[in-house]
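As structure tokens, the structure follows; a few thoughts come after it.
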Amino acid sequence: MSNPLTDFILGAGGFFTLSIIILLFAIGSITFIFRRTLLHMLMAVELMLNAVNLSLIYFSRLHQNHDGQILSLMIFVVAACEVALGIAIIVQLFKRTGTISVDAYTTERG
Amino acid sequence: MDFNILMYIVFGVVAIAGGLVLLFAKHPIRGAMGLLASMVALAGMYAILQAHSIAIFQLIIYAGAIMVLIIYFIMLLDIKSEDYLKPFSKLFWIGAPILALLAIFFIYKLYTAIGGKPNAFSDLSSVAAPEQSVQDFGGIKIFSKNLLTKYLFAFEYVSTLLFAAIVAVISIVQLDWKGRKNE
């Protein structure tokens, strides 16, 4: 515990890191809810996944345990799948409607 | 102050700033650049937290592959600027402060939960017995050993998911190709 970096990470850095995680997740969810294009919604999901990844990495460092790192690697793969599928679907929607604004997709409103 | 601690704080601030650029920038390429800055800053935070292999994967997969895919997508579509003239929905100025207040409330609850003591997390870390010394933690050797022995099933399972995603993307693209052929 003589290393100042270890002292910081296990001490005051915990509050700092968890605040960063909460703020990143809040910014991501605000972007997802209130930006009105599909592209920004997709990028906001990526930002929220990154916030969750940071929490996994931080707690794996805190407990000296590798499970969080493996789980964050799984989240990488899930994010890659999600972006590939999401972009394919958005391209199809753009070809059909000519816009990616969410307000234009009103056919299922009833 | 130690250089690593200073860089950790700078990376955290840059990550938040990149997220704010994503939220407020009008043009999508600026939002993508903000997201990219956020991801690179998070890779630096991972490296300081001794997750070296995850930091490399963050740079290769997120900042490399996924962001290139998104930027290529922005370039491909050539979207009219009318989609971006009204970036926020009408309820933004009501809903966003509520969510921001909720985030501040969470941070306040976190602060009261650790009782204002900065060393509360080190008490938490002493619960788990460290398996190896701090220097060995997070290297690529022990990471890959864990990935291919203890978590082999998860590894194979997630590769199946990747394969299913490839098949799904091909079928979506082919659906469009068949539809165009029929027209």
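The values are calculated or read from the model by the stated rules, or taken from the named source; none is laboratory data. Only a predicted model underlies this, so the values are computations on that prediction, with no experimental measurement involved. Cβ sites come from the backbone with ideal geometry, for glycine too, and all protein chains shown count toward neighbours.
Here's the yes/no breakdown for (1) closer than 23 Å to A:Leu23 by Cα; (2) within 14 Å of the chain's Cα centre (by Cα); (3) of a type outside the set (Ser, Thr, Tyr); (4) facing another protein chain (nearest Cβ under 7 Å):
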site: A:His66; (1), (2), (3), (4): no, no, yes, yes
site: A:Ile75; (1), (2), (3), (4): yes, yes, yes, no
site: A:Leu85; (1), (2), (3), (4): no, no, yes, yes
site: A:Leu93; (1), (2), (3), (4): no, no, yes, no
site: A:Gly98; (1), (2), (3), (4): no, no, yes, no
site: A:Val102; (1), (2), (3), (4): no, no, yes, no
site: A:Thr107; (1), (2), (3), (4): no, no, no, no
Looking at B:Ser81, is it touching a Gly at 6+ places or on another chain (Cβ under 9 Å) and at pLDDT below 85?
no
Residues to consider are A:Ala84, A:Ala79, A:Ala51, A:Ala44; find the one that is in a helix (DSSP H, G or I) and in contact with a Lys or Arg (Cβ under 9 Å, 6 or more places away or on another chain).
A:Ala44
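Out of A:Arg35, A:Arg61, report the one residue that is surrounded by 20 or more Cβ atoms within 10 Å (Cβ to Cβ), at the interface with chain B (Cβ under 7 Å from one of its Cβ atoms), free of Cβ contacts under 8 Å to residues at least 12 places away in the same chain and not small (Gly, Ala, Ser).
Among A:Arg35, A:Arg61, only A:Arg35 is surrounded by 20 or more Cβ atoms within 10 Å (Cβ to Cβ), at the interface with chain B (Cβ under 7 Å from one of its Cβ atoms), free of Cβ contacts under 8 Å to residues at least 12 places away in the same chain and not small (Gly, Ala, Ser).
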Out of (1) outside any helix (DSSP H, G or I); (2) at pLDDT below 85; (3) farther than 26 Å from A:Leu93 by Cα, the odd one out for B:Gln50 is which?
(2)
What is the one condition in (1) under 20 Å from B:Ala154 (Cβ atoms); (2) assigned to a helix (DSSP H, G or I) that A:Asn65 does not satisfy?
(2)
Exactly one condition in (1) closer than 30 Å to B:Gly95 by Cβ; (2) touching a residue at least 24 places away in the same chain (Cβ under 8 Å) is false for A:Phe16; which is it?
(2)
